[in-house]
Protein chains: 2
Amino acid sequence: MTTIREIAQLCGVSVATVSRVFNQPLTVSKEKREVVERVARELDYRPNESARALATKRSGLIGLVWDTDHRRPGWRHPYLQELLIGLKSALSAHGYHLLMLATSGSAALRAVGASLADPVAYVNMTRRHHLGGLVLIDSGSDAPAFAAFAQSGLPCVAVDVDVDGPRATYVTSDNVGGAAMAVRHLVEAGHRRIATITGPRANRPAADRLDGFRAAMAEAGLAVPPEYVVEGDFYRPSGQSATRSLIALPEPPTAVFCAGDEMAVGALLAARHAGLRVPDDLAVVGFDDIELAALVEPPLTTLAQDKAGIGVAAARAVLTMVHGGEKPPPAFLPTRLVVRSSSR
Amino acid sequence: MTTIREIAQLCGVSVATVSRVFNQPLTVSKEKREVVERVARELDYRPNESARALATKRSGLIGLVWDTDHRRPGWRHPYLQELLIGLKSALSAHGYHLLMLATSGSAALRAVGASLADPVAYVNMTRRHHLGGLVLIDSGSDAPAFAAFAQSGLPCVAVDVDVDGPRATYVTSDNVGGAAMAVRHLVEAGHRRIATITGPRANRPAADRLDGFRAAMAEAGLAVPPEYVVEGDFYRPSGQSATRSLIALPEPPTAVFCAGDEMAVGALLAARHAGLRVPDDLAVVGFDDIELAALVEPPLTTLAQDKAGIGVAAARAVLTMVHGGEKPPPAFLPTRLVVRSSSR
DNA sequence: TGAACGCGTGAAACCGGTTACAAAGAAAGG
DNA sequence: CCTTTCTTTGTAACCGGTTTCACGCGTTCA
């Protein structure tokens, strides 16, 4: 490995000059700079990041916290891959790498007496590795842990979880606007009796989608009887049973907006079992645009999230703080209505 | 941040002793060891990983190479999430972290004149960050780049790509055995005219699945006319069009084994469009057991891969080499036949 | 009793960068 | 022409660990 000292010697300059060439090129005279650059290229010089991190206390690494929540074993992130793509490419563009932090079972963590899935353990890793900040990915339901991160004072950005702290913010879709779009779409199609199946109340996106639903209904001058709002849990069975109960109402809705595509698929199944035609007897709109949405019968009208965009926004937010900027306000990325055959 | 020197001073010992307490505890007398450990705990000491990496030239980080191949924009890894879970947890168990390396557009890479998606750039990052080794995830079709990694001499383990090199090996499913299982299942269900839709010939798992298919057909004494073997590309449309052409044959097959679930879903669509009932008119078996497989109509019979297990095996293999062990032979993890309604 | 050995320990060099500070030289101002 | 200021450069300390080497001491063996 070529070092800065070898280059210095070969060029007949000091190590400080060589270092400056790479960090503050303008403070070095043109001649010396060019010599150093040429020699560095010839020797295939690569700065040692460990040494650099040691000296500057900055590592160019952003931590990724993504624990699979043991309380919800079957949980899968609905768009992890796209999220990572966006996150990684935006970080790359600024020369940062993404470090997936070790968690449960880590010998290193055990050695320092850290308990599993412990925010403290992560914060430690952050210190140990000079991480600039953290990106937190929703792993089902560990909001309390996330709050602990947010309070830790180091830059962190959560995805789809509502956190706040001195240097903590979050990124999610414009759930309010998306839900409102769904309602307007249904209203334009002539529906008047529109119900909704929500996600868990404690979940921020779920709550926002309900707010958007209510707002758009009010705007359209439509009433929302309490029995038209049923709480689900984002999983399919809850959508199916909720729809069953909606259908059984004395005055059943003609359309249902589901806060998640999985639940919407459940709604389609319930409708089919009840002998209802979709969309003629019951229109269904979902949220997320998961892969399945286009494949079910009938294909599902839904709100597509800008999945990679959310990753990019998270990267931007964390980098802003890492670079000393103000904590950015929460970002709400626009959603897009994808009209398929389950509504009209 | 507490440092080793502060602890040394407080304990009245040298920094060397403190360092030894954490690295070779047995070489330090019991009394001093306990004092140091107690003080370290009280001061909440955390070793500085940058300093440690600088001194030892080892970082406790494993690089993850996962480029979205620009030549195949829509490409999605069929089981990235589970793979990462397995990978991460196995690495964590040994105190290692996973570093997702920056790629295209990286300012840091541009600064050293590296071209995008360049194996050389990754190898540089490996040197710069003192990475122990690399895990390569198939990103569609960049086998040539993977070969370059494999030749670089640093420990690397590829997932689902057939590489070889001084310290390079790979992990994949038992594709031969899985395909054979699929065939035997169809034969037992009474099928005699069985076709297959393969993946790209250059792809190792695709080739193995074809081999397994052929072997099991021969074993069952069944002929495989050339027109019963159609090459696809793992994407859904290719499965759809391949199935269309199979259906149009003078003597169409009664069952089709698809080398990937996405293509199998395409097969289902083609069958539906042709008015064929699945499985009565055409049985379909896929491979991968992606999430979608259980959700399509009819649910897909497929070969489930041990997705997390593949991640674990990859982690084990790379750690073996990192710790100076022999290059492990390629690992072929068993698959499991999941019988659903698309075959019988 | 003296040589050989092993153990525990500390001093100091080292890993490869960054940066505060001082100094030398060049340019600008009076 | 002398002083002041700016630019460029080098020296050396520093970041926080690890590790080599030598030394002192207590055992063991001949």
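Overview of results
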item: Using θ = phi - 60° and Karplus 6.51 cos²θ - 1.76 cosθ + 1.60, couplings along the range A:231-240 (whole Hz; Gly, Pro as x); result: 8, x, 10, 6, 8, 4, x, 5, x, 5
item: Under 14 Å from the B:Val339 label point (7 Å along Cα→beta-carbon), backbone N, the range B:293-307; result: B:301-303
item: Relative contact order computed over chain A (Cα-Cα under 8 Å; 6+ residues apart), in percent; result: 17
item: Cut-off 10 Å between beta-carbons: net charge of the residues surrounding B:Ala207, Lys and Arg +1, Asp and Glu -1; result: 0
item: Inter-chain shielding of A:296-304 (mean C-beta neighbours from other protein chains, 10 Å cut-off); result: 1
item: Cα-based reach from A:Lys88 at 12 Å (exclusive), listing aspartates and glutamates while leaving out same-chain residues under 8 positions away; result: B:Asp67
item: FRET efficiency, 1/(1 + (r/R0)^6) with R0 45 Å, evaluated for A:Arg76 and B:Ala16 via beta carbons; result: 0.40
item: Shielding score for B:78-91, defined as the mean number of other chain Cβ atoms within 10 Å; result: 3
item: Pairwise centroid distance, computed over Cα atoms, of the range B:1-51 with the range A:1-44, Å; result: 38
item: Under Karplus coefficients 6.51, -1.76 and 1.60, residue-wise ³J(HN,Hα) of the range B:296-311 in Hz, glycine/proline x; result: 6, 10, x, x, 8, 6, 7, 9, 7, 8, 7, 4, 5, x, 5, x
item: Cα gyration tensor, the range A:4-47 - rounded (a/c under 1.5), prolate or oblate; result: rounded
item: Model label zone, A:Arg192; criterion: amide N under 17 Å from point 7 Å along Cα-to-beta-carbon; scope the range A:243-281; result: A:250-256, A:281
item: Protein heavy-atom accessible area occluded, A/B pair - total, 1.4 Å probe, Å²; result: 5100
item: Local net charge near A:Gly275, Cβ-Cβ under 13 Å (Lys/Arg +1, Asp/Glu -1); result: +1
item: Given charges at beta-carbon only (K, R positive; D, E negative), |dipole| of the protein assembly as shown in Debye; result: 1980
item: Per-selection Kirkwood Rh - the protein assembly as shown (Cα, Å, 1 d.p.); result: 27.7
item: Inter-copy separations for A:Arg244, label at 7 Å along Cα-Cβ, nm, ascending; result: 4.0
item: Relative contact order, percent, the range A:4-47 [alpha-carbon distance under 8 Å, six or more residues apart]; result: 37
item: Cα pair distances exceeding 22 angstrom across the range A:175-305, given as percent; result: 23
item: Per-bin percent of Cα-Cα distances, the range A:212-263 [10 Å]; result: 24, 53, 23, 0
item: Cα-based convex hull, chain A, per residue volume (Å³, whole number); result: 164
item: Average partner coverage of B:309-316, which counts Cβ from other chains inside 10 Å; result: 0
item: Residue-normalised accessible area of chain B, given per residue in Å² at a 1.4 Å probe; result: 41
item: Percent accessible area from carbon and sulfur atoms, chain B, protein chains only, probe 1.4 Å; result: 54
item: Net lengthening on full extension, A:Glu326/A:Thr27 (0.36 nm per residue, minus Cα-Cα); result: 104.7 nm
item: Inter-copy spacing of A:Gly95 label points, which lie 7 Å from Cα along Cα→Cβ, given in nm from shortest upward; result: 3.1
item: Sorted peptide list for A:237-249, A:319-331, B:284-296, criterion being average Cβ within 10 angstrom, highest first; result: B:284-296, A:237-249, A:319-331
item: Inter-copy spacing of B:Gly325 label points, which lie 7 Å from Cα along Cα→Cβ, given in nm from shortest upward; result: 4.5
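The values are calculated or read from the model by the stated rules, or taken from the named source; none is laboratory data. Just so it is clear, the structure is predicted and the values come from calculations on it, not from any experiment. Note that each Cβ is placed from the backbone with ideal geometry, even for glycine, and that neighbours are counted across all protein chains shown. When the accessible area is computed, the model is the full protein with side chains, heavy atoms only, and any ligands, DNA or RNA have been set aside. Shrake-Rupley method; radii C 1.70, N 1.55, O 1.52, S 1.80 Å.
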